[in-house]
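In what follows, a single structure is set out as structure tokens and then discussed.
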Amino acid sequence: SQQGEEDPQALSIQEGENATMNCSYKTSINNLQWYRQNSGRGLVHLILIRSNEREKHSGRLRVTLDTSKKSSSLLITASRAADTASYFCATVYQAGTALIFGKGTTLSVSS
Amino acid sequence: KAGVTQTPRYLIKTRGQQVTLSCSPISGHRSVSWYQQTPGQGLQFLFEYFSETQRNKGNFPGRFSGRQFSNSRSEMNVSTLELGDSALYLCASKAAPGFDEQFFGPGTRLTVL
């Protein structure tokens, strides 16, 4: 069963705009990771945030984590057409090593 | 450094048959995990192998099995295929179980007719 739930399920924006997607999870985690998937291909690791961190940046990506609300958000600034993909959050239980994925947000960036 | 490779990339089988998928991890990586992705259930963890031993297993029937070889290459096998086994099967490798970042292969698209 999915640990995380992304919101929204789909997002359409114009190039240059920012895209924000959210993820909620159910139990205590070790870390939370965001992945990107293009057209049913393999997953690309974007960023990892640990349970004791609140915010992390990587290039145009900004991730926040609120463990009290069991939620995370991924912000992509100045979106490009190449950012069009599905984005998944994945959590690792404190006791486990397996990635538990949400159902993903499909982002469409039009030029 | 070469990435994770999976073979074959596409596979078509009929119900009742069995299938074997292969995964070669990144050189030096010793932990391999398998995931199933379907439109209905999303991405689900199948199992993880390290040093030829299964360390963790997801909630899948016994028809799904796997193994890892001494060179860290891994195979997964699905016996008595069902229509619902049609999915993208993804393999991921990481250096060792204590490492967090996993590197995914392109996947094997299995279609069961």
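Annotations for the structure displayed:
- Filtered residues of the stretch B:60-92 (kept if under 10 Å from the mean Cα position of the chain (by Cα) and within 19 Å of A:V44 (Cα to Cα)): B:L88, B:Y89, B:L90, B:C91, B:A92
- Number of residues in the stretch A:63-107 that are in a strand (DSSP E or B), among the polar types (S, T, N, Q) and either within 14 Å of another protein chain (Cβ to nearest Cβ) or more than 15 Å from the chain's Cα centre (by Cα) (or both) equals 4.
- Looking only at the stretch B:66-113, residues that are more than 14 Å from every other protein chain (Cβ to nearest Cβ) and surrounded by 19 or more Cβ atoms within 10 Å (Cβ to Cβ) come to 8 in all.
- The set of residues in the stretch B:3-17 being of a type outside the set (S, T, N, Q) and within 18 Å of the chain's Cα centre (by Cα) consists of B:G3, B:V4, B:P8, B:R9, B:Y10, B:L11, B:I12, B:K13.
- Positions within the stretch B:34-52 being assigned to a strand (DSSP E or B) and more than 13 Å from B:G107 (Cβ to Cβ), in sequence order: B:G42, B:Q44, B:F45, B:F47, B:E48, B:Y49, B:F50
- Qualifying positions in the stretch A:1-37 - in contact with a helix residue (DSSP H, G or I) (Cβ under 9 Å, 6 or more places away or on another chain) and either assigned to a loop (DSSP other than H, G, I, E, B) or within 14 Å of chain B (Cβ to nearest Cβ) (or both): A:E15, A:R36
Bear in mind these aren't lab numbers, they're just calculated from the coordinates by the rules spelled out. These numbers come from a predicted model, not from an experiment. A quick note on method: Cβ atoms are made from the backbone with ideal geometry, for glycine too, and the neighbour counts reach across all protein chains shown.
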